[in-house]
Amino acid sequence: MLRWYIMSPAGRRMWPGRFLAALLQKAGHASALPRPMSLAHSAGSGHPRTRRCFSSTVNRQCEPNDSLNRRVEDSHTRKTIFSGIQPTGVLHLGNYFGAVQRWVELQETGEEVIFCIVDLHSITLPQDPKTLHSQIITMAASLVACGIDPSRAVLFQQSRVSEHAQFNWVLGCLTTMARLGHLPQYKEKSASLKEIPLGLYVYPVLQSADILLYRATHVPVGEDQRQHIQLAAHLARVFNNKFGQTFVLPRSLVYDDSIARVKSLRQPDKKMSKSETDPKSRINLADSPDEIREKFKKAVTDFTSAVYFDAENRPGVSNLMSIHRAVTGQSMEQISRECEGVNTAQYKLLVADAVIEHLRPIRLRLEQLLSDRAHLNHLLDLGADKAKTIASKTWQDVREKVGLLHK
């Protein structure tokens with residue numbers, strides 16, 4: 001196995017990491033180095049593993065690998081977490097447990113958190129102009145009711161910050177049609193359309209602009225969005241290589257699907273979604289207790305009366321148990337023990353009551369917020385000001401590097 005070393009001025013062999021450490025220590029910058037133990041080691045060797053660089057230029061330095069970059073970022077910088085949600089109106093239980101509850105947890109970590117209502121993304125498919133703005137305001141109210149605090153997080157409406165659309169064009173000029181055509185969500189959404197809007201094809205580029213505009217280091221997403229975050233990292237790398245180091249490579253924070261994916265009450269093999277035509281398929285956060293009970297009564301299960309978890313063979317009952325676990329914090333084993341002797345019809349009402357109790361303070365807070373839409377508009381204005389402060393600096397940097405603005 002080849003090993004790389006450097007001859008010190010004293011004629012001793014030194015491994016590159018130690019040689020660099022010695023130079024920096026001599027210059028008074030030893031504290032800027034990561035601890036030696038953070039470097040990967042070769043199997044069976046006491047020496048750090050280094051990346052080999054084959055070049056005709058002797059003095060050319062190798063770029064450190066991404067994993068080392070990320071370890072250094074994690075240990076020396078504050079994380080910037082960005083995520084977006086489409087303005088579909090009131091959240092349903094799947095949105096809440098799949099995304100928003102996680103956002104509230106991230107808000108509590110003390111990291112910089114930025115949450116965006118992505119209204120530009122929503123118009124990739126036809127929208128009713130009369131209801132779109134109302135849905136934007138209702139989504140803002142839903143997020144605040146669930147615990148997003150505009151004084152601790154940046155909460156804003158995407159179209160109020162013009163830099164999103166401007167930066168989107170720059171990134172669009174750096175990507176290819178072939179790259180976008182392979183993304184799974186485009187294939188899924190376009191399959192049922194006779195005429196495919198261009199926006200549906202290129203919206204992942206706008207998603208990349210959303211992320212990179214705030215120099216986000218982490219993006220909480222579901223598994224189905226992971227490839228879009230990889231596109232953002234790819235475009236960051238392309239930009240850096242072409243115009244100089246500008247962006248960190250964002251990473252996805254993938255949710256545990258076993259908890260995050262709440263299924264439809266009517267089609268438990270599919271996730272809960274507003275795109276499903278049957279309103280009984282989902283529990284909205286604004287639903288009254290009577291509406292929630294009625295929807296759970298109509299939930300699809302099977303002909304076995306016992307309550308136990310088996311996602312493959314009993315998806316309906318297993319979905320109810322997953323919801324029960326999410327609202328109570330109990331394990332599946334605890335739920336199974338408590339429900340011995342309870343049939344599925346009785347169990348549906350038990351889960352309904354648990355959900356009602358969990359959502360009660362959220363529903364009351366939501367009603368209070370929606371009674372003052374001027375206040376919600378004001379919150380979005382304040383959030384847009386905060387977001388624009390960050391976005392404008394990035395856009396200025398991009399314009400200078402691309403050549404659109406004289407330095």
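Couple of notes before you dig in:
- Distance from the C-alpha centroid of the stretch 360-407 to that of the stretch 214-236: 20 Å, rounded to the whole angstrom.
- Summary of packing: across the peptides 227-233, 185-191, 299-305, 139-145, the per-residue average of other C-beta atoms within 10 Å ranks them, highest first, as 139-145, 227-233, 299-305, 185-191.
- Exposure check, 1.4 Å probe, all protein chains in place: E105 carries approximately 100 Å² of accessible surface.
- Proximal lysines to K388, defined as alpha-carbon separation beneath 26 angstrom and excluding residues fewer than eight positions away on the same chain: K79, K242, K401, K407
- In this structure, the residue pairs whose Cα-Cα separation is over 20 Å, taken from K187/K271; K280/K348; K130/K194, are K130/K194.
- Among the GluC sites (Glu not before Pro) within the stretch 282-361, those in coil by DSSP and having at most 10 neighbouring Cβ atoms inside 10 Å are E312, E340.
The values are calculated or read from the model by the stated rules, or taken from the named source; none is laboratory data. This one's a predicted model, so the numbers in the text were calculated from it and none came from an experiment. Ideal geometry is used to build each Cβ from the backbone, glycine not excepted, and the neighbour counts take in all protein chains shown. Protein only, heavy atoms only, side chains kept; ligands, DNA and RNA dropped before computing areas. Shrake-Rupley method; radii C 1.70, N 1.55, O 1.52, S 1.80 Å.
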